Protein chains: 2
Amino acid sequence: MSENHSAEQLFLKEYDVNQYVRPSVSVDMLLFTVTEEESENYRKRSDKSLKILLIKRKEHPFLGQWALPGGFVSANESIDEAAIRVLEKETGLRDVYLEQLYTWGDIGRDPRTRVISCSYMALINSDLYPLQPGEGAEDAKWFHVSDQWTQKKTTVTENGFMIEKWAELRLGSGTDEASATVKTTKIVEHGHSKVVQEIEKAHNLAFDHAKMIVYALERLRNKIDYTDIAFHLLPEYFTLSDLQQVFEVILGKELLAAAFRRKVADKVLETNHIRRNAGHRPSKLYRYNPQWDDEL
Amino acid sequence: MSENHSAEQLFLKEYDVNQYVRPSVSVDMLLFTVTEEESENYRKRSDKSLKILLIKRKEHPFLGQWALPGGFVSANESIDEAAIRVLEKETGLRDVYLEQLYTWGDIGRDPRTRVISCSYMALINSDLYPLQPGEGAEDAKWFHVSDQWTQKKTTVTENGFMIEKWAELRLGSGTDEASATVKTTKIVEHGHSKVVQEIEKAHNLAFDHAKMIVYALERLRNKIDYTDIAFHLLPEYFTLSDLQQVFEVILGKELLAAAFRRKVADKVLETNHIRRNAGHRPSKLYRYNPQWDDEL
DNA sequence: CCAAAAGTGTTCTCTATACACCCATGA
DNA sequence: TCATGGGTGTATAGAGAACACTTTTGG
């Protein structure tokens, strides 16, 4: 006990309690999955859709709006452990791909008190977690996500210039909808650049979670080509078309099959399994090749 | 006042004070620059060196060891603003390139009390901040940095395998030295992978700052090709050889001049200025082209 | 047969790499 | 003059984009 006491005293030498208020630290979880949409046509391939899990707030502030699942970091766990705990509470899943994204520390981001939030991205495949959009508990739902650049403006200033870009974020789950406009400003002055993000409009989306979602989508798009994150969104066995659809849904554009197959060739291993269900040529099933990257 | 009171009460509804102790949040600054080393030979080009600013600790714990500059986040500033403030206190500089890196939240990382640290990387050019290695205040010094992968081990486990890699971090400033070995473990099981980093040995380096430095070096290497970060390490006017040396110092390998010039051609603008000082053909001076990337 | 997707081959362009070569200077 | 770095041209190999084409199924 005296050891702890002296440790705390050592700490207080450098830490002025009057000036530095200890904030609350939370983790916010960006849980993504890719699901099949019902295919209306006769034997058309079913489209896939990128989904994110949101929870309906049952308290003020933002009562009734949608928010990312999250929780506070407690004294006896690391922030990574807090993220794992929050994820398990929300989905019941363990051993899921988790990645720290960014830490949000603006002053007024929680109107109640000072909260600093560390955001984590989790990727699961929908087979493992079969909660369907629109079903399940009323307060946790998978929302279809998409974002799109809608406007770009360049302004010349005295010492440089400024580029403003607006991203439109759209989320939907059955009749529930949420949306936001996030403005990203890049200011270049005296050869130095600075990037600032702000939420212009938010509809049904709590706190600054729109920024977090835009950030996560950006990260997903950036990493999908040179990492193995796409495989976390698929079951163990999948066709190359499945994989291609995951890429297309995340990148938001169509890809050519021939080039795609060559690009992912060394990330996958062919198996003996074959999927023969639809009205067309059956497809070989592949699995992830965990050794595709010799480096870490 | 009553508004604040009810806001706090709203907050306490979701926040169990007994379970969630509010930690201290600090920012730690990874301040890099590139300096010229004295060239010993007659008209050889002077080598460049990547430097990081470290501060000698004047308190327990880690008394006398070297640490990253840092400070606690106060109640009336965002964490970005805290980073700017810490940087200005340390260097007197404002309007410097700053980038949030990662947030470190392990339980025992500060032996005194629970501290969560958000690390920021700052890049400055040494002309702006002429503190020389070995000179200046005894307690703040530029250290030469380098890291190197020294060992790699692959082990097959029951449900997958495990790759361990060791990185040797070396820091030096005159007679002062610090070093550390950071082990990175990638565990692949059931098709899922997890990466863990730990410090195996640390000599003269305080806290978990060795991990932060290794992380920052990795980030620098990854971003230098597709962003403009290299230019923040150079003065406004520079030769293409200067730029190439910055790349070489960060990537830790030599590059071919012809290919390099073509690669950076659209990131720079030719100027009328010429540098004519050494015993060889004079070189054109270039400056950063802030519009090289049409996108953000 | 036919619609649809699975899967392959070919051509073209662009980029990175390697290397050879010339240029301009100050000592 | 010559050592040294500045700067350019060219040939080659590999990756990605575009597109044409064949294969295989269920209805």
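FYI, it's all coordinate maths here, none of it is from the lab. Bear in mind that the values here come from a model prediction, so they are computed numbers and not experimental data. When we count neighbours, we look across all protein chains shown, and the Cβ atoms used for this are built from the backbone with ideal geometry, even at glycine.
For region B:180-267, what is the relative contact order in percent, using Cα pairs closer than 8 Å and at least 6 residues apart in sequence?
Numbers: 66 pairs, mean separation 16.0, N = 88.
The normalised contact order for region B:180-267 reaches 18 percent.
Using a basic spin-label model with each label point 7 Å from the Cα along Cα→Cβ, how many nm lie between B:E37 and B:Q291?
With each label placed 7 Å out from Cα toward Cβ, I get 4.0 nm.
Of B:Y20, B:Y102, B:Y237, which is the most mobile in a GNM of chain B whose springs link Cα atoms less than 10 angstrom apart?
Per the Cα network of chain B with a 10 Å cutoff, B:Y20 tops the list.
Pick from B:H280, B:H144, B:H203: which is most flexible by mean-square fluctuation in a GNM of chain B where alpha carbon atoms under 10 Å apart are linked?
Largest GNM mean-square fluctuation: B:H280.
For B:D16 paired with B:E189, estimate the spin-label separation in nm (one decimal), with each label point 7 Å from Cα along the Cα-to-Cβ line.
Calculated label separation equals 2.8 nm.
From the label point of B:A75, set 7 Å from Cα along Cα→Cβ, how far away are the matching label points in the other copies, in nm, ordered shortest to longest?
2.1
Compute a Gaussian network model of chain A, connecting alpha carbons closer than 10 Å, and tell me which residue from A:I187, A:I124, A:I55 fluctuates the most.
The residue that fluctuates most here is A:I187.
Mind sorting A:V21, A:V214, A:V73 by how few other Cβ atoms lie within 10 Å of their own Cβ, fewest first?
Values: A:V21 16, A:V214 21, A:V73 28.
Fewest to most other Cβ atoms nearby, the residues stand as A:V21, A:V214, A:V73.
Of A:K56/A:K253; A:K13/B:K56; B:K48/B:K141; A:K51/A:K183; A:K48/B:K194, which sit over 19 Å apart, Cα to Cα?
A:K56/A:K253; A:K51/A:K183; A:K48/B:K194
How high is the FRET efficiency from A:S241 to B:I107, r the C-beta distance, R0 56 Å, rounded to 0.05?
Efficiency at R0 = 56 Å is approximately 0.80.
Please list, or write none, the aspartates and glutamates whose alpha carbon is within less than 16 Å of the alpha carbon of A:K284, excluding same-chain residues fewer than 8 places away.
A:E236, A:D242, A:D266, A:E270
Tell me, what HN-Hα J-couplings in whole Hz come from the Karplus equation 6.51 cos²θ - 1.76 cosθ + 1.60 at θ = phi - 60° for each residue of region B:214-229, using x for Gly and Pro?
4, 4, 5, 4, 4, 4, 4, 4, 5, 8, 4, 6, 10, 10, 9, 4
Would you calculate, for chain B, the mean residue ellipticity at 222 nm contributed by helices, counting each DSSP H stretch of 4 or more residues as -39,500 (n - 2.57) and dividing by all residues, to the nearest 500?
It lands at -6500 deg cm²/dmol.
By its C-alpha gyration tensor, with a ≥ b ≥ c as the square roots of the eigenvalues, how is chain A shaped: rounded for a/c under 1.5, else prolate for a/b larger than b/c, else oblate? Display every interim value, and only then the final one.
Details: a/c = 1.72, a/b = 1.46, b/c = 1.18.
It is prolate, given that a/c is not under 1.5 and a/b is the larger ratio.
If I take all pairs of Cα atoms in region B:229-296, what percentage of them are more than 18 Å from each other? Don't skip to the end; give the middle numbers.
On the way: 897 of 2278 pairs.
More than 18 Å apart: 39 percent of the Cα pairs in region B:229-296.
When Cβ neighbours within 10 Å are restricted to other protein chains, what is their mean count per residue of peptide B:68-81?
4
Over chain B, what is the mean sequence separation of C-alpha contacts under 8 Å (at least six apart), divided by residue count, expressed as relative contact order in percent? Working shown, then result.
On the way: 509 pairs, mean separation 43.4, N = 296.
In percent, rounded to a whole number, it is 15.
With loop defined by DSSP as not H, G, I, E or B, and exposure as at most 15 other Cβ atoms within 10 Å, which is the longest segment of chain B clear of exposed trypsin sites (Lys or Arg not before Pro)? Don't jump to the answer; show the numbers that get you there.
Details: sites that count: B:R43, B:K44, B:R45, B:K58, B:R94, B:K253, B:R276.
For trypsin sites (Lys or Arg not before Pro) (loop position, at most 15 other Cβ atoms within 10 Å), the longest site-free span of chain B is B:95-252.
Remind me, relative contact order of region B:143-229 in percent, using alpha carbon pairs under 8 angstrom and six or more residues apart? Spell out each step's value before the answer.
Values: 152 pairs, mean separation 18.4, N = 87.
Contact order relative to length: 21 percent.
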